[in-house]
Amino acid sequence: MSKLTRRTFTRLLGAGGAAAAAGLAAPGLVRAAGARVVVIGGGFGGATAAKYLKRFDKSLDVTLVEPNTHFVTCPFSNTVIGGLNPITFITQNYDALKAMGVKVVHDLAVQVDAAKKQVKLAQGGSLGFDRCIVSPGIDFKWGAVEGVTPEIVNHVPHAWKAGPQTLLLKNQLEAMADGGTFVISPPPNPFRCPPGPGERISLVANYLKTFKPKSKILVLDPKKKFSKQGLFKEGWAKLYPGMIEYRNIDNDGVVRKLIAEKKTLITDFGEVTGDVVNFIPAQKAGAVAANSGLADKTGWCPVDHRTFESKIHKNVHVIGDASMASPMPKSGFAASTQAKVCAAAVAALLKGEAPGTPKFVNTCYSLVGPNYGISVAMVYGYDGGKIIKVKGSGGLSPSGAEDFFHEQEALYADGWYRSISKDIWG
C-alpha cells in the first residue's frame, strides 16, 4: 500500500484536509447567521458534523442531541475485550465541542418531524431546526433469528455498541476456564464495521493464547466470506495455529436458533454450546430513523450522495452507519468524512449556495495481534449522482508481508485512532 493511503489519509482528518476532501472552499467563507441546525447522535458522524458546522460558520446555532454524557467508541473496543486497553482509552467527552459553542443536550431524540421541523425528545419538549443531521448509528433486527431478543444481552452479549456490553464480554472471557470454548456468530451483511468480527476473533485469540492456551474459538458465520478474510486467516495461521475453527454458510455456519440460558446455538445440522457466546444480531438504522420515516423497507436510509439529504424528507440529512452510502463501508472513519461533507453542504445550503462536489476517504485498520496490523484504504469520488471508488486509489495490506510491516501497521492503527479521536472530540 502506498504512503498516500497509509499516512496522508490521517492528515485529511484536519480542518484543511476536510475542506480538500469535500472539494469545498475554505471553512471561513460560509455564512448563514442565526440558522438552527440540530444534530442527532454524538458518535463519529454526529460529533464530527457538529464540530465542523461551527468551523464552517461560527454564527450557526448548532445543537447536538446525545443521551450519554460520554461516548464509548466501537473502534478499538476489541482491544478492551482482549485486555490490551482499559475502557477509559476509548471513552470520549463533549467538553471541546461545548467550548466551540455547540449546545449539547443530553437527551434521547425519539422522532424527527420533518414537516414541522422539530426534533422530539424523550424527556419531553422539542427542538426546532432549519436543517437536521441524523447520525443514529445502528439498531438490531431482534427476532431475525429465533431466540435473539433484547432480553438475552445480559447473558449473550453482542458488544456491537461499545460501553457496558464491551465490559460484559470482557468479564465473561476473563471468567472462562482454560480449555473453554468461545463462540462468536457475526451478523449478515450489511452491518457496522465489516472487519470488526475478524479483529474481535483475533484479539480474543491473543488473550486466550496468553492466559488460557487450552481454549478454542468457534466462528459461526452466516456469510460466504468476510472483510480482509485472506489477511486475517494468514495472521491466524501464524499467530494462533489450531485455535480457531471457522465455519461459513457453506459449512454449517448459519445459526437458526439461540437458546441464551444454555448458551446453545442451533444450526441446520447440529447444535453448539459455548462457555462464552458472542452473538452479533443483524442490523438496521438506529431507532430514531425508523420512527421518523427516514428508513426504507431495507431498514437503512436512502440519501442524496452529494449532500446526504434524505430522499424521503427534505431538510433532514442522514450520515454514518444508518445511511445508504455504498460503496463506502459502515465505519467510523467513513461516518466522520461523510459528516464533514454533509456539514459543508448544510452550511452552503443555509446560505442559499450550491454545495460543492464531494470527495471522501476511508481507512480501516485491524489488529490481528498487539503488534500485527492490517489495513484497507480507499478514496471515493462523486459521479452520476452516486459515490464511486476512485480507480487506482487506496490499497490493501499485502499478503506474505514481513513482521516489521505488520508492526508498523499496528502503530499506524494506534496513531489513526488517537488522531481521529482528537479531531472529533479533542
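Each value in this text was obtained by applying a stated rule to the coordinates, not by laboratory testing. Worth saying up front: this structure is predicted, and the values here are computed from it rather than measured. Cβ placement follows ideal geometry from the backbone for every residue including glycine, while neighbour counts extend to all protein chains displayed.
Could you check, for the stretch 230-244, whether at least one of its residues is in contact with a strand residue (DSSP E or B) (Cβ under 6 Å, 6 or more places away or on another chain), touching a residue at least 40 places away in the same chain (Cβ under 8 Å) and either assigned to a loop (DSSP other than H, G, I, E, B) or within 24 Å of E146 (Cβ to Cβ) (or both)?
So far as the stretch 230-244 goes, no, none of its residues is in contact with a strand residue (DSSP E or B) (Cβ under 6 Å, 6 or more places away or on another chain), touching a residue at least 40 places away in the same chain (Cβ under 8 Å) and either assigned to a loop (DSSP other than H, G, I, E, B) or within 24 Å of E146 (Cβ to Cβ) (or both).
Here's a check for you: in the stretch 104-158, which residue that is among the charged types (D, E, K, R) and under 30 Å from L258 (Cα atoms) is surrounded by the most Cβ atoms within 10 Å (Cβ to Cβ)?
Of everything passing the filter in the stretch 104-158, D139 is surrounded by the most Cβ atoms within 10 Å (Cβ to Cβ).
Sort out which residues of the stretch 208-233 are aromatic (F, W, Y) and surrounded by fewer than 20 Cβ atoms within 10 Å (Cβ to Cβ), and write them in order of number.
So in the stretch 208-233, the residues aromatic (F, W, Y) come out as 211, 226, 232.
Within the stretch 208-233, just F211 meets the criteria.
Filter the stretch 323-355 down to the residues that are out of contact with any Asp or Glu (no Cβ under 9 Å at 6 or more places or on another chain), of a type in the set (A, V, I, L, M) and surrounded by 24 or more Cβ atoms within 10 Å (Cβ to Cβ), then identify the one that is nearest to G45 (Cα to Cα).
The extreme case among them is A339.
What pairs come out if I take residues in the stretch 210-225 that are in contact (Cβ under 8 Å) with a residue 40 or more places away in the chain and pair them with residues that are among the basic types (K, R) and surrounded by 11 or more Cβ atoms within 10 Å (Cβ to Cβ) whose C-beta lies under 8 Å away, six or more apart or interchain?
L218/R247; L220/R247
Which one of the conditions (1) on the phi > 0 side of the Ramachandran plot; (2) part of a strand (DSSP E or B) does G373 fail to meet, given that it meets all the rest?
Every condition holds for G373 apart from (1).
Look at I420 and say whether it is of a type outside the set (K, R) and either closer than 30 Å to D296 by Cα or buried (at least 24 other Cβ atoms within 10 Å of the Cβ) (or both).
no
Do the conditions hold for D383, that is, is it surrounded by fewer than 16 Cβ atoms within 10 Å (Cβ to Cβ) and closer than 20 Å to H305 by Cα? Full working, then the answer.
Working: surrounded by fewer than 16 Cβ atoms within 10 Å (Cβ to Cβ): yes; closer than 20 Å to H305 by Cα: yes.
Yes: the conditions hold for D383.
Report the residue count in the stretch 159-182 for those that are among the charged types (D, E, K, R), crowded, with 17+ Cβ neighbours inside 10 Å, more than 20 Å from K330 (Cα to Cα) and out of contact with any helix residue (DSSP H, G or I) (no Cβ under 7 Å at 6 or more places or on another chain).
0
If a residue must be surrounded by 14 or more Cβ atoms within 10 Å (Cβ to Cβ) and at positive phi, how many such residues does the stretch 390-415 contain?
Result for the stretch 390-415: 2.
Go through G196, G180, G128, G137 for me and flag whichever is at positive phi and not β-branched (V, I, T).
G137
Where in the stretch 248-347 are there strands (runs of 3 or more DSSP E), lying wholly inside it, with at least 1 residues that are in contact (Cβ under 8 Å) with a residue 40 or more places away in the chain and aromatic (F, W, Y)? Lay out the reasoning, then the answer.
On the way: elements: 255-259, 264-267, 271-273, 276-279, 283-285, 316-318.
Strands (runs of 3 or more DSSP E) meeting the threshold: 276-279.
Restricting the stretch 234-286 to residues that are within 27 Å of T210 (Cα to Cα) and of a type in the set (D, E), which is surrounded by the fewest Cβ atoms within 10 Å (Cβ to Cβ)?
Here the residue is E245.
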